[in-house]
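Each remark here refers to the structure printed beneath this line.
The values are calculated or read from the model by the stated rules, or taken from the named source; none is laboratory data. Values in this document were obtained by computation on a predicted structure and should not be read as measured data. In this analysis, Cβ positions are derived from the backbone assuming ideal geometry, glycine residues included, and neighbour counts consider all displayed protein chains. All accessible areas refer to the heavy atoms of the entire protein, side chains included, with ligands and DNA or RNA removed. Shrake-Rupley method; radii C 1.70, N 1.55, O 1.52, S 1.80 Å.
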Amino acid sequence: MTANVISLNGLSVGSKDSLTKALESEGCSSSSCGSSDAPEDMDPATWAKVKDHPCYSEEAHHYFARMHVAVAPACNIQCNYCNRKYDCANESRPGVVSERLNPEQAARKVIAVANEIPQLSVLGIAGPGDSAYDWRKTKETFQRVAETLPDIKLCLSTNGLALPDHVDDLLDMNIDHVTLTINMIDPEVGTKIYPWIFYEHKRRMGLEASQILHERQMQSLDMLHERGILVKVNSVMIPGINDEHLLEVNKEVKKRGAFLHNIMPLISAPEHGTVFGLEGQRGPTAAELKKLQDACAGGANLMKHCRQCRADAVGLLGEDRGQEFTMDLVPDEVTYDPEKRETYREWVAKEREDRRNAAAVAKAETDAAVADEAEALLVAVATKGGGRINQHFGHATEFQIFEVDAEGVRFVTHRRCDNYCVGGYGEEDKLELVIKTLEGIDTILCAKIGDCPREDLEKAGITAIQDYAYDYIETAVSAVYRARHGLPAAEIETA
Ligand code: CLF
Ligand code: SF4
């Protein structure tokens, strides 16, 4: 395949060969460490809403970025997994928000980011408190941004308690993506998660608090659905508290029209200072999360590519470029320049079509040649975005995991290795830990890999392949599967 490829960092287009050469000259300092939705699955109006939203469309997350602005510090409830000194744990990793912004600063920052990151398609407000409770600041920020950048999608994340009071504002402002964090539909379960809420000028405790929160969350979901606003439900999976119960939550939110359900593992450590962290409440293992996700089959569609980002995250999901855009780096006056973003969108439209066609050909040829019952493979991919295999093994901070069988190639999840790659470990230790995170993986596809890590991976039973550098993920994964069955790569014509 000799398709042109785009460098997502610099928006420069080149050939696969030229990028491979660039990669070689770049070298590598490290020798070791490295909604399953599609247009045909939904009506055109819904597809138009989600196609460029990296959280609502798995395909879009390869191409488009989101940014959060931390304008809403106040919150009206207490979750046992949250410490207000930290980001909203609904939508972020625990970590202090670098800076809180006022709406004017936030709007300026969005323009600065849009000028530099052409992939930016969504502005989300996810705290660090509750965006619907701190509504005045949320609303002013959205209004300011909409005036300058009308093509940016506006996205809100909230616990839902205050939301029914603002649904009409959402409609007026054309906001069609809202995330509700719903951890229970049984208030008894809620008492173990929420010690109090603040509602109608009064602090409510215990069962009363959970009862009110539950009713308001269901009311929010119903009101949003009735008005055609797409709702994603986020749930934090807390072993021993709501893990089994989330199956019921999944069914209920589906019944009430949720577009997606995102079940996120509890992140909990004593140093976060949360009630759960101090009590030693653990998060679920990857296997427990997968088991719950599998059990939800047939219920609300699941989002599986969430990165639990910070309330001030900037960039593609899985990367955070927030430190490049702190307010001291944003000019006092910024003028929006749409050119880069327009060019990028035109490129993405062609690229997506080409990638989809290539994946369809590979699927059809494989389906016809491999028996249905043949075993599925798990393949890890090192990618910087764009739906291509374009990252050096040693530079990867996470791997995207794809499953392939005769039915085709499916994104399954991502596995992070940056937890292990930051400081304190020698190169050898890093590789050992990366290998652990890749347990169960058959093959790794990356743009380049050194001989030493390749041999160590081989010893661990994982084959590392760089022959598909800069190819589309689906066609390369499919080629690996076909080769396993003694078939040549599918014949694919690309633009
Ligand atoms: Fe932000 Fe949330 Fe909007 Fe996305 S995040 S407000 S819907 S633009 Fe996305 Fe981040 Fe997961 Fe949230 S990956 S934590 S789901
Ligand atoms: Fe923290 Fe968000 Fe819960 Fe409020 S809703 S307590 S900010 S996690």
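Taking the range 436-495 as the range and being in contact with a Leu (Cβ under 9 Å, 6 or more places away or on another chain), small (Gly, Ala, Ser) and part of a loop (DSSP other than H, G, I, E, B) as the test, the residues that pass are Gly440, Ala447, Ala460, Ala469. Out of curiosity, is Asp169 open to solvent by 10 Å² or more (accessible area, probe 1.4 Å), acidic (Asp, Glu) and not in a helix (DSSP H, G or I)? It is false that Asp169 is open to solvent by 10 Å² or more (accessible area, probe 1.4 Å), acidic (Asp, Glu) and not in a helix (DSSP H, G or I).
Filtered by the rule that a residue be open to solvent by less than 50 Å² (accessible area, probe 1.4 Å), modelled with pLDDT under 70 and either more than 16 Å from ligand 2 (Cβ to nearest atom) or touching a Cys at 6+ places or on another chain (Cβ under 7 Å) (or both), the range 89-108 gives Ala89, Glu91, Ser92.
Remark: pairs (first residue in the range 152-176, more than 16 Å from ligand 1 (Cβ to nearest atom) and at pLDDT below 95; second residue among the small types (Gly, Ala, Ser) and open to solvent by 10 Å² or more (accessible area, probe 1.4 Å); Cβ separation under 9 Å; 6+ apart in sequence or on different chains) = Leu171/Gly228. Restricting attention to the range 273-307, the residues being within 16 Å of ligand 1 (Cβ to nearest atom) and open to solvent by 40 Å² or more (accessible area, probe 1.4 Å) number 2.
In the range 115-151, the qualifying residues are those that are within 13 Å of ligand 1 (Cβ to nearest atom) and out of contact with any helix residue (DSSP H, G or I) (no Cβ under 8 Å at 6 or more places or on another chain), and the one that is modelled with the lowest pLDDT is Gly127.
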